[in-house]
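Bear in mind these aren't lab numbers, they're just calculated from the coordinates by the rules spelled out. A quick note: this is a predicted structure, and the numbers were derived from the prediction, not measured. Glycine also receives a Cβ, built like all others from the backbone with ideal geometry; neighbour counts cover every protein chain displayed.
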Amino acid sequence: MSGLFVQKHAEAVRAQGVDVRVIHSEGWGDLWRQWKALRREGWMPDVVQLNVIQKQGLLALWLKRHFHIPYIIVEHWSGYLPQNGQYMHMSWIKRRWYRSIAWGASVVLSVSQRHQQAMQECGIRAKKWGVVHNVVDDFFYEDAGSRDREVARSRGHEGTVFLHVSCFDERAKNVKGLLRAAKKLSEKRQDWRLVLVGTGVDYQEVRDYADRLSLPEGLLEWTGELSPQQVAERFEQADVFVLPSNYENAPVVLSEALATGTPVIATRVGGIPEMVDESCGLLVNPGDDDALTEAMETMSDQCHTYKNQPIREAGLQYSFARVGAQLKAVYDSVIERS
């Protein structure tokens, strides 16, 4: 799951007619074994896409120096963001290594303007910068009328349906904060339900925390991990998507919410303010449980005023066709200049 956005980029480019091969290495030896296996097939790339600056970047540098093959970087890692801070806690040698790999790239693409700014604040320099969105599966855009029917049905029977989808990494996702806000909301009203989708390293800890909060029975639903198609169905059945993250880049689940026309409540972190405006939902400050509770209460009364189609149109920029065409254009430009 943690690398799913990389896979989607590869699939989007392949859909543009590009011959894509993927190396996903588990270590130094594995990295070179996979490269040699491609060479035995007689295959040589025109351009390399490095996803996240890690050890694979040394292969990209080596190919550039020995075969004059250009490479681009698509950087997703949140470690550059000050709320995360992992990059600045690296040794100076490793930070210098990251900077060298970035400078060797023809283009460095990040997933938001804020993420790009954070990289620059960490001392990362590039010959050329750009932004590329994460990809949303086509089936999230299908059945444009189904959500309206499902919302009308769900609201008539059980009140507002809030949806949260994440990997349950508490340091980043702040699911406990969402549960505290839900507890406060339950003390005011109970005409709503919160559906929590996913699993992860902190899943059981979060479940135990929810038990200690003792929310009224029936207000929480835990689905565990679902397939992407099942997640799309949950978006279609929801009234509001809630993402109370402490830090983010450009979360795919937020793009999926927009693709399905679902209004959102999210935090002002990372690239989220670039994705969400007043036509799509509400933004609150990270860690502010009271503001999150207030936003959930507001949405309980006003989510029906958000128009489905404008939100869906905002989500079109994350489609396979648009992102794939954007990456293909970058490849063509880099190859032409090399």
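3J(HN,Hα) along the stretch 195-205, derived from phi through the Karplus expression 6.51 cos²θ - 1.76 cosθ + 1.60 where θ = phi - 60°, amounts to 9, 10, 10, x, 8, x, 4, 9, 4, 5, 4 Hz, with x in place of Gly and Pro.
Compute the normalised compactness of the chain: alpha-carbon radius of gyration over 2.2 N^0.38 Å, N being the residue count.
Here the Cα radius of gyration is 1.06 times the empirical estimate.
Averaging the Cα positions of each part gives two centres, and for the stretch 168-204 and the stretch 272-315 these lie 17 Å apart. The fewest-to-most ranking of HIS66, HIS304 by surrounding Cβ atoms within 10 Å reads HIS66, HIS304. Put one equal scatterer on each alpha carbon of the stretch 158-208, apply the Debye formula with no solvent term, and list log10 I(q)/I(0) at q = 0.22, 0.30 1/Å to two decimals. Debye intensities relative to I(0), on a log10 scale: -0.81, -1.18. Only helices enter this figure: runs of n ≥ 4 DSSP H residues, each worth -39500 (n - 2.57), summed and divided by the residues of the chain, yield -14000 deg cm²/dmol at 222 nm to the nearest 500. Once both axes come from the Cα atoms, what is the angle between helix 146-158 and the longest principal axis of the chain, in degrees from 0 to 90, rounded to 10? Once rounded, one gets 40 degrees. Residues in the stretch 304-316 carry Karplus couplings, in order, of 5, 7, 6, 7, 4, 5, x, 5, 4, 5, 5, x, 5 Hz; the curve used is 6.51 cos²θ - 1.76 cosθ + 1.60 with θ = phi - 60°, and Gly or Pro positions show x.
Taking the Cα atoms only, what angle lies between the long axis of helix 289-302 and the longest principal axis of the chain, rounded to 10 degrees? Approximately 70 degrees, to the nearest 10. Here ARG180, ARG14 are placed in order of increasing Cβ neighbour count within 10 Å, fewest first, which gives ARG14, ARG180. Mean-square fluctuations from a GNM of the chain, with a 10 angstrom spring cutoff on Cα atoms, peak among GLN237, GLN204, GLN326 at GLN204. Compared with the dominant Cα axis of the chain, that is its longest principal axis, helix 56-67 is turned about 30°. Packing around the peptides 245-257, 275-287, taken as the average count of other Cβ atoms within 10 Å per residue, puts them in this order, highest first: 245-257, 275-287.
Amide H contacts of ASN51 (H built 1.01 Å from N, in plane; Pro and chain starts excluded): VAL74 sit under 5 Å, all sequence-distant by 5 or more or on other chains.
Sorted largest first, the principal axis extents computed over the alpha-carbon atoms of the stretch 138-317 equal 40, 36, 30 Å.
All Cα-Cα distances of the stretch 1-147, cut into 10 Å bins from zero to the largest, leave 10, 37, 35, 14, 4, 0 percent in each bin in turn. By the equivalent-ellipsoid construction on the alpha carbon gyration tensor, the stretch 279-335 comes out with semi-axes of 36, 16, 6 Å, ordered largest to smallest. Across the stretch 11-17, in residue order, what do the Karplus-derived ³J(HN,Hα) couplings come to in whole Hz, using 6.51 cos²θ - 1.76 cosθ + 1.60 with θ = phi - 60° and x for Gly and Pro? Listing the rounded values in order: 5, 5, 5, 4, 5, 8, x Hz. Once C-alpha pairs closer than 8 Å and six or more residues apart are averaged by separation and normalised to the residue number of the stretch 138-317, the relative contact order reads 25 percent. When VAL135, VAL201, VAL13 are sorted by how many other C-beta atoms sit within 10 angstrom of their C-beta, beginning with the fewest, the order is VAL201, VAL13, VAL135. Entry note, the chain: relative contact order of 19 percent, from Cα contacts under 8 Å with a spacing of 6+ residues.
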